[in-house]
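Peer 1: Before anything else, here's the structure in question.
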Amino acid sequence: MSAGVLRALEHVHGHLAWLSTLALYHPAILLRRPRRRALGATVSATGLVTATAALGALVYPAYRALVKPALFAASPILGNLFERKENLGVGAVALAWAGLIHHRFADRCGADACSDNVAFVAFAGAAALATLAAVMGMIVAVERSF
């Protein structure tokens, strides 16, 4: 891929990261009340955060070869910040999927109101992790990019 395409994909990834972060707050807010159904919000937020992660995974090999060495040479702290950002992003995706699966199938398992809170906690956690990852990504992007 050319540098221009990589830079464009990086920008799209960053914008999607913020959109998916905001989208994760929606089901977290809706699911505060036990027994509330919000399948559309949970599916949409999970799909968006998954697409964001997939785009990041697509760009990562070029990042590793072109940007990562220069980033670590310029500032090891920022290099490590980016590495933590990736971990938090994966955690956000995992929690979103856990929340979606629990929300979708909780009624089939005879879940009570207390266990309905699992989806709320998962989406709230995913939103928090995604927020941290998006902020960290923005800090790193200010320093070094394609």
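The values are calculated or read from the model by the stated rules, or taken from the named source; none is laboratory data. What you see is a predicted model, and the numbers here were worked out from it, not measured in a lab. Methodologically, a virtual Cβ is constructed for each residue, glycine included, from the backbone with ideal geometry; neighbour enumeration extends over all protein chains shown.
Peer 1: Out of (1) of a type outside the set (Ser, Thr, Tyr); (2) surrounded by 21 or more Cβ atoms within 10 Å (Cβ to Cβ); (3) at pLDDT 95 or above; (4) farther than 15 Å from LEU129 by Cα, the odd one out for ALA45 is which?
Peer 2: Of the numbered conditions (1) of a type outside the set (Ser, Thr, Tyr); (2) surrounded by 21 or more Cβ atoms within 10 Å (Cβ to Cβ); (3) at pLDDT 95 or above; (4) farther than 15 Å from LEU129 by Cα, the odd one out for ALA45 is (4).
Peer 1: In addition: Which condition number does LEU95 fail, the rest of (1) surrounded by 17 or more Cβ atoms within 10 Å (Cβ to Cβ); (2) within 22 Å of VAL142 (Cβ to Cβ) being met?
Peer 2: (2)
Peer 1: Restricting attention to region 79-112, and to residues there that are over 18 Å from LEU129 (Cα atoms) and assigned to a helix (DSSP H, G or I), which single residue is modelled with the lowest pLDDT? Give the derivation first.
Peer 2: The initial filter retains those residues of region 79-112 that are over 18 Å from LEU129 (Cα atoms), namely 79, 101-112.
Then keep just the ones that are assigned to a helix (DSSP H, G or I); that gives 79, 101-105.
Working: GLY79: 92, ILE101: 93, HIS102: 91, HIS103: 90, ARG104: 88, PHE105: 84.
Only one residue tops the list, namely PHE105.
Peer 1: Of the conditions (1) exposed (fewer than 15 other Cβ atoms within 10 Å of the Cβ); (2) in contact (Cβ under 8 Å) with a residue 40 or more places away in the chain, VAL59 satisfies every one except a single condition; which number is it?
Peer 2: Every listed condition holds for VAL59 apart from (1).
Peer 1: Follow-up question, since we're still on this one. Let me confirm something: among LEU55, LEU31, LEU71, LEU39, which residue is under 15 Å from ALA127 (Cβ atoms) and of a type in the set (A, V, I, L, M, F, W, C)?
Peer 2: Numbers: LEU55 fails: under 15 Å from ALA127 (Cβ atoms); LEU71 fails: under 15 Å from ALA127 (Cβ atoms); LEU39 fails: under 15 Å from ALA127 (Cβ atoms).
On inspection, the qualifying residue turns out to be LEU31.
Peer 1: For region 25-77, which positions are under 19 Å from LEU88 (Cβ atoms), in contact with a helix residue (DSSP H, G or I) (Cβ under 6 Å, 6 or more places away or on another chain) and either aromatic (Phe, Trp, Tyr) or not in a helix (DSSP H, G or I) (or both)?
Peer 2: Within region 25-77, TYR25, PHE72 qualify.
Peer 1: Go through (1) loosely packed, with under 15 Cβ neighbours inside 10 Å; (2) over 15 Å from the mean Cα position of the chain (by Cα); (3) not basic (Lys, Arg) one by one and return the number of the condition VAL12 breaks.
Peer 2: If we test VAL12 against (1) loosely packed, with under 15 Cβ neighbours inside 10 Å; (2) over 15 Å from the mean Cα position of the chain (by Cα); (3) not basic (Lys, Arg), just (2) comes out false.
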